[in-house]
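What follows is a set of notes on a single structure, which appears directly below.
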Amino acid sequence: MVILGTTKMAEFSGIVVYRKDYRERDMLVKILTDRFGFKMFFVRGARKKGFRLSAAILPFTKATYVGTINDEGLSFINAVKEAGQYQAICQDIVLNAYASYILGLAEAAFNDNHPLNEWYAKIAKTLSLVDAGVDAAILTNIVEVQLLGYFGVKPNLKDCVICHRRNSVYDFSESYGGLLCQKHWHLDPHRLHLDRRTIYFLSFFSQVDIMRLGSIKVKNETKDKLRLTLNQIYNNDVGINIKAKKFLDDIKNWPHAVLNDDE
């Protein structure tokens, strides 16, 4: 690697998050990189017909890039060695929205120019699982639970926050920041009144290793409760606004025929 002040030439892996037109012929491309976190790249001539790197800067493309990395401001892509797309995500509007939300969560948690370290591999693995047909809603829930700590919210989902009792019947308390065993329910009349299965999966999601996850099945009723619970936690305690999340909330009201127009 050649370093010139705050500029360095580097080879890195990355996932294209989004791109937008810039000036007459150029583009700005946001890429989640394995070494430098989220970076914005200026790609000259990207809108010209026959641009040689066009396939490598499509959204949801994972590639190995060679480029000029600037600590501040825009960086640049010089060459691409390998590139491939998450095909199912690109072709399915709902999977596309889940993938966009997962990337948006990571971007909000880590901000630009901060390496994600092990989280780059976790995000890449999660997108691969979504692309392979593993339940995108549940994968999203896992990422949401495990990223809470990066937003300054780290609920105790292992045992009772008061007495640390394990193997009990629990409920979730926002006020106390985690699980309350049945003995201490009286301390929070506004606890969420969650059923055992929802509590079980919240606890499981906080501990599961995404890198070793194969498949997971959750009943629709429990999935709905998990979604409502995490919506409440994120709305009340995190307070971020990600465009793809609104879309995911809205599609629940779409006609069944629209979501299954390939049948």
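The values are calculated or read from the model by the stated rules, or taken from the named source; none is laboratory data. Because the structure is predicted, anything quoted here is derived from the model rather than measured. Here Cβ is always computed from backbone atoms with ideal geometry, including for glycine, and neighbour counts include all displayed protein chains.
Structural remarks
- The range 157-184: number of residues that are free of Cβ contacts under 8 Å to residues at least 12 places away in the same chain and either outside the structural domain of residue 234 (by TED's automatic domain parsing) or part of a strand (DSSP E or B) (or both): 0
- Candidates are the residues of the range 28-45 that are farther than 11 Å from residue 112 by Cβ and surrounded by fewer than 21 Cβ atoms within 10 Å (Cβ to Cβ); the one that is nearest to the chain's Cα centre (by Cα) is 34.
- Count of the range 115-131 residues, restricted to those that are part of a helix (DSSP H, G or I) and either among the hydroxyl-bearing types (Ser, Thr, Tyr) or over 25 Å from residue 177 (Cβ atoms) (or both), is 11.
- Test: residue 134 is under 30 Å from residue 64 (Cβ atoms) and assigned to a helix (DSSP H, G or I): no
- Verdict on residue 2 being modelled with pLDDT of 95 or more and in contact with a strand residue (DSSP E or B) (Cβ under 8 Å, 6 or more places away or on another chain): no
- Residue check, residue 194 over 19 Å from residue 239 (Cα atoms), modelled with pLDDT of 95 or more and in a strand (DSSP E or B): no
- Per-region count, the range 86-120, residues among the charged types (D, E, K, R) and free of Cβ contacts under 8 Å to residues at least 12 places away in the same chain: 2
- Qualifying residue in the range 101-109 (condition: assigned by TED's automatic domain parsing to the domain that holds residue 254, in a strand (DSSP E or B) and under 30 Å from residue 249 (Cβ atoms)): no
- Hey, residue 61 in contact with a strand residue (DSSP E or B) (Cβ under 6 Å, 6 or more places away or on another chain), surrounded by 15 or more Cβ atoms within 10 Å (Cβ to Cβ) and among the hydroxyl-bearing types (Ser, Thr, Tyr) or not: yes
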